[in-house]
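One structure is given here, and the rest of the page talks about it.
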Amino acid sequence: MVLAHARDDRPLTTSAIKKWPALLARHQYTATCIDSFGNRIEVPLLQGQ
């Protein structure tokens, strides 16, 4: 996606940078994280933010 964007000579914009991770993780709604106490928790992914 990034190479196609560059090949088409399109400017690198904030919206493009936010769109790529959202496209890659579009079917992933949460992520497993570790809090400050070492506990595993599920947190929502904020798509495109």
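The values are calculated or read from the model by the stated rules, or taken from the named source; none is laboratory data. All of these numbers come straight from a predicted model, not from anything done at the bench. All Cβ positions, even for glycine, are placed from backbone atoms using ideal geometry, and neighbour counts span all protein chains on display. Note: areas computed on protein heavy atoms with side chains; ligands, DNA, RNA excluded. Shrake-Rupley method; radii C 1.70, N 1.55, O 1.52, S 1.80 Å.
Amide H of Leu45 versus every other amide H placed in the peptide plane: which residues, excluding those fewer than 5 positions away on the same chain, fall under 5 Å?
Thr30, Ala31
According to a simple spin-label model (label point 7 Å from Cα along Cα-to-Cβ), what is the distance in nm between Val43 and Arg26?
Once both label points are built, they end up 2.5 nm from each other.
Where only protein heavy atoms count, and the probe is 1.4 Å, what is the accessible area per residue for the chain in Å²?
89
Return an integer: the convex hull volume of the alpha-carbon atoms of the chain, in Å³ per residue. Please report the intermediate quantities before stating the final value.
Details: hull volume 4.2 nm³, N = 49.
In the chain, the Cα convex hull volume per residue is 86 Å³.
What is the percent carbon and sulfur in the accessible area of the chain, measuring with a 1.4 Å probe over the protein chains and ignoring ligands?
It is 60 percent, rounded to a whole number.
Can you order the peptides 19-32, 2-15 by their average number of other Cβ atoms within 10 Å per residue, highest first? Don't jump to the answer; show the numbers that get you there.
Working: 19-32: 10.8, 2-15: 8.6.
The peptides rank, most packed first, as 19-32, 2-15.
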